[in-house]
Amino acid sequence: MGTKRSHRRASAGKTPRGAGKTPRGAGRSGGFAIRILAGGRWKAGDPARPLYEDYVRRLPWPVGLAEIDSRLGDPARRQAAESAQIVAAAANPPGRVLIALDARGRDLDSGSFAARIRAWQEEGRPALVFAIGGADGLTDEVRRAADLLLSFGRMTWPHLLARAMLAEQLYRASSILAGHPYHRA
C-alpha cells in the first residue's frame, strides 16, 4: 500500500523532469506533498541511499526527488547553474513552501519542525519543497527565494547524507504529529 516515489535527475541548463509537478499520490494525503530538489546525484553503492529510501517509504506524504546535476567543471558556474534550476523548479505549485537547507539557517528542534509542518498543512499549503545544494552549496538567489532557511547544525554535511537526514526528520515529524512513540525526546 505504499505510494509511488519519483526520483529524477537533471543536467546543466535543464529543468529537472518532473520538478515542477506535485508528486504522484498527493491526493491520498489531502493534497499535501513533499518535493526534494537536490544538487548532485546518487553514486552506485552510496550508503546514504538505502537509509533515505527506508525513511521515505515510511512517510505518510508522497515524496518526489529531483536530482539537479550540473556537469560544468567550474565550481562557481556549477553552483549557479544548479541554483537557477532549483529556483525555477521550486516555482510550482502555487502556494508551496520553499525550505532551503543551509548551515546559516534556523536551527529547529524536531518538535518545532513538526509544528511548522502542521501549521503549513492547516494553512492549506499544497507542498513543501526542500532545496539541498550540491557539493558547492546553494547561492544567495536560492536563500532569498526560500520561505525558510533550515539548518541541521553549523557543521557542513555531505549533500547526499543531508537527503537521508532530511528524510529521517520528516519521518520523525510525521511520528510526532501522529502521536507515534518513535520520537522519545
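The values are calculated or read from the model by the stated rules, or taken from the named source; none is laboratory data. Note that the coordinates shown come from a computational prediction; the quantities given were computed from them, not determined experimentally. When we count neighbours, we look across all protein chains shown, and the Cβ atoms used for this are built from the backbone with ideal geometry, even at glycine.
Restricting to the range 119-140, name every residue that is loosely packed, with under 13 Cβ neighbours inside 10 Å and not hydrophobic (A, V, I, L, M, F, W, C). Residues satisfying the conditions are GLU122, GLU123, GLY124, ASP140. ASP69 meets all of the listed conditions (1) among the acidic types (Asp, Glu); (2) buried (at least 17 other Cβ atoms within 10 Å of the Cβ); (3) at pLDDT 90 or above but one, namely (3). The residues in the range 100-116 that are touching a helix residue (DSSP H, G or I) at 6+ places or on another chain (Cβ under 9 Å), among the aliphatic types (A, V, I, L, M) and either surrounded by fewer than 23 Cβ atoms within 10 Å (Cβ to Cβ) or over 25 Å from THR156 (Cβ atoms) (or both) can be counted, and the count is 3. Among the residues of the range 142-158, none qualifies, meaning not one is under 17 Å from PRO93 (Cα atoms), of a type in the set (Phe, Trp, Tyr) and surrounded by 13 or more Cβ atoms within 10 Å (Cβ to Cβ).
Taking the range 81-185 as the region of interest, none of the strands (runs of 3 or more DSSP E) fully inside it holds 1 or more residues being of a type in the set (Lys, Arg) and out of contact with any strand residue (DSSP E or B) (no Cβ under 9 Å at 6 or more places or on another chain). GLU82 meets each of the listed conditions (1) crowded, with 21+ Cβ neighbours inside 10 Å; (2) at pLDDT 95 or above; (3) within 25 Å of ARG154 (Cα to Cα) apart from (2).
Per the listing GLY40, GLY64, GLY18, the residue uniquely small (Gly, Ala, Ser), modelled with pLDDT of 95 or more and touching a strand residue (DSSP E or B) at 6+ places or on another chain (Cβ under 8 Å) is GLY64. If you filter the range 43-61 down to residues that are modelled with pLDDT of 95 or more and part of a loop (DSSP other than H, G, I, E, B), you find that the one that is surrounded by the fewest Cβ atoms within 10 Å (Cβ to Cβ) is PRO60. Just so you know, in the range 21-37 the residues that are surrounded by fewer than 22 Cβ atoms within 10 Å (Cβ to Cβ) and charged (D, E, K, R) include one that is modelled with the lowest pLDDT, and it is ARG24. Checked against (1) touching a residue at least 40 places away in the same chain (Cβ under 8 Å); (2) closer than 25 Å to ILE176 by Cβ; (3) in contact with a Lys or Arg (Cβ under 6 Å, 6 or more places away or on another chain), LEU72 meets all criteria but (2). Does ARG172 qualify as being surrounded by 16 or more Cβ atoms within 10 Å (Cβ to Cβ), within 22 Å of GLU53 (Cβ to Cβ), among the basic types (Lys, Arg) and in contact (Cβ under 8 Å) with a residue 60 or more places away in the chain? Yes.
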